[in-house]
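Input: a single structure, listed below in C-alpha cells.
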Amino acid sequence: MKAKKSLGQNFLIDENIINNIVEQINANEDDLIIEIGPGRGAITKKLIDKKSYYIGYELDNELIPILKKFENNKTIIKNQDFLTSDLITDINNVNYNKLFIVGNLPYYITTPIIEHIVNSKIKFEKLVIMVQKEVADRFMASCGTKNYSYMTLYLKYYFDVFKVCDVSKFCFNPVPKVESSVLSFSIRKNRPRVDEKLYFDFLKECFKQKRKTLKNNVGNIRFKMIKKVLISHGILENVRAEEISEELFIKLFNELNKSN
Ligand code: SAM
C-alpha cells in the first residue's frame, strides 16, 4: 500500500524511537491511551501490550483493516478525523483512571491538534507527540531568542513541555524532508489567572509583525498605557515582543485591563 503524502504518512520504522515513545506512556491497565493517526500500527502494537484502554483515530480508511487486528474488548479503532472528534463523549464512554495521548502526527496539523485538545478542556497525564524539529525549537524557545513566539507562550500557559529525543528523518518510511523531535506535554499546575481569550488576543497583537517593536505592534495609545510597567522593569522603549518574559506579559496585560 502506497503512503499517502496528502495525509502526512511517514511511517516510523526505527524500533529505538518507537520504544522511546512507548516508554513515555507509563499507563496501567485502568488507564486510557488515545493514539492520533496509528497508521500501520508501528506504535499501536506496543501500546496495546500495556493492556490499558485504547482509542485510535485513523483518517485513512485503507489502513483500518490492518488496525482492526488490534481490536479487543479494551481497544477501539475509529475511522475518523481526530480534529473533528468529540473527545469528551469518546472518553466518557470509558471508565478510566488516567489519560495519555500519543501520536506521530502529520506535521501540517500539529497546531490544530494541540488546539483541539486544549479546547476540549480534557485533563490528561501526558501528551507525547512527534513534531517537526524546527517546530519543537519554536515551541520550547527561551525568551530573547529568535524562535520565541506567540505559540511558545500559548503552550507555556497550558503545559510543561520537554523534549524526549530528536529523530532522524531516516527513522521513517518514506523518508520526509525534515528532521523531527518527540515532545512530551503535561498540564501546568499553577497557571497565571487571566481571561484566556483576551490574553491570547493581546499576545497575538504583540507578535503581529516580528520585525516591529512592541510599540509599533500595539500602537501608540496602548503603548502609553503599559510604558510605566516596562520602565519599572528597566526595559527600553524599542523592545520587541520576543524579549519579553511571560511574567512581564501578564503584568502588561493586567495593566491594560486595569485602564479599560
Ligand atoms: N503512527 C504511525 C507511525 O508512526 O508509523 C503513522 C504516522 S503518520 C506520520 C500519520 C498518520 O496519521 C497516518 O496514518 C495518517 O493517515 C493519519 N492521519 C492524518 N490526518 C489525520 C487526522 N486528521 N486524524 C486522524 N488521523 C490522521
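The values are calculated or read from the model by the stated rules, or taken from the named source; none is laboratory data. Bear in mind that the values here come from a model prediction, so they are computed numbers and not experimental data. Positions of Cβ are generated from backbone atoms using ideal geometry, with glycine treated the same way; all protein chains shown enter the neighbour counts. Surface areas here come from the heavy atoms of the whole protein model, side chains and all, with no ligands, DNA or RNA. Shrake-Rupley method; radii C 1.70, N 1.55, O 1.52, S 1.80 Å.
Can you tell me which residue is nearest to Lys121 (Cα to Cα) among those in region 29-64 that are free of Cβ contacts under 8 Å to residues at least 40 places away in the same chain and open to solvent by 50 Å² or more (accessible area, probe 1.4 Å)? Here the residue is Glu29. Hey, can you tell me all the residues within region 222-260 that are part of a loop (DSSP other than H, G, I, E, B) and either in contact with a Lys or Arg (Cβ under 6 Å, 6 or more places away or on another chain) or over 24 Å from Lys146 (Cα atoms) (or both)? The one that is part of a loop (DSSP other than H, G, I, E, B) and either in contact with a Lys or Arg (Cβ under 6 Å, 6 or more places away or on another chain) or over 24 Å from Lys146 (Cα atoms) (or both): Asn260. Beta carbons closer than 9 Å, at least 6 apart along the sequence or on distinct chains, pair a first residue in region 65-80 that is more than 17 Å from Asp31 (Cα to Cα) with a second that is within 14 Å of the ligand (Cβ to nearest atom) and among the basic types (Lys, Arg) for Ile66/Arg40; Leu67/Arg40; Phe70/Lys45. Residues in region 32-48 include at least one that is polar (S, T, N, Q) and within 11 Å of the ligand (Cβ to nearest atom). A single entry from Leu99, Leu127, Leu67 fulfils the requirement of being open to solvent by less than 10 Å² (accessible area, probe 1.4 Å) and away from the ligand (no atom under 15 Å from the Cβ): Leu99. Hey, could you check region 102-113 for residues that are of a type outside the set (A, V, I, L, M, F, W, C) and closer than 24 Å to Pro65 by Cβ and say which is farthest from the ligand (Cβ to nearest atom)? Looking at the filtered set, the residue picked out is Gly103.
Residues in region 168-197 that are outside any strand (DSSP E or B), open to solvent by 40 Å² or more (accessible area, probe 1.4 Å) and either closer than 28 Å to Leu7 by Cβ or hydroxyl-bearing (Ser, Thr, Tyr) (or both): Ser168, Lys169, Phe170, Pro174, Val175, Lys177, Val178, Glu179. Here Lys4 meets the list (1) in contact (Cβ under 8 Å) with a residue 24 or more places away in the chain; (2) surrounded by fewer than 15 Cβ atoms within 10 Å (Cβ to Cβ); (3) within 11 Å of the ligand (Cβ to nearest atom); (4) under 17 Å from Ser180 (Cβ atoms) almost entirely, failing just condition (4). Among the criteria (1) under 19 Å from the mean Cα position of the chain (by Cα); (2) more than 12 Å from the ligand (Cβ to nearest atom), the one Thr89 does not fulfil is (1).
The set of residues in region 130-165 being open to solvent by 50 Å² or more (accessible area, probe 1.4 Å), in contact with a Leu (Cβ under 8 Å, 6 or more places away or on another chain) and assigned to a strand (DSSP E or B) consists of Phe162, Lys163.
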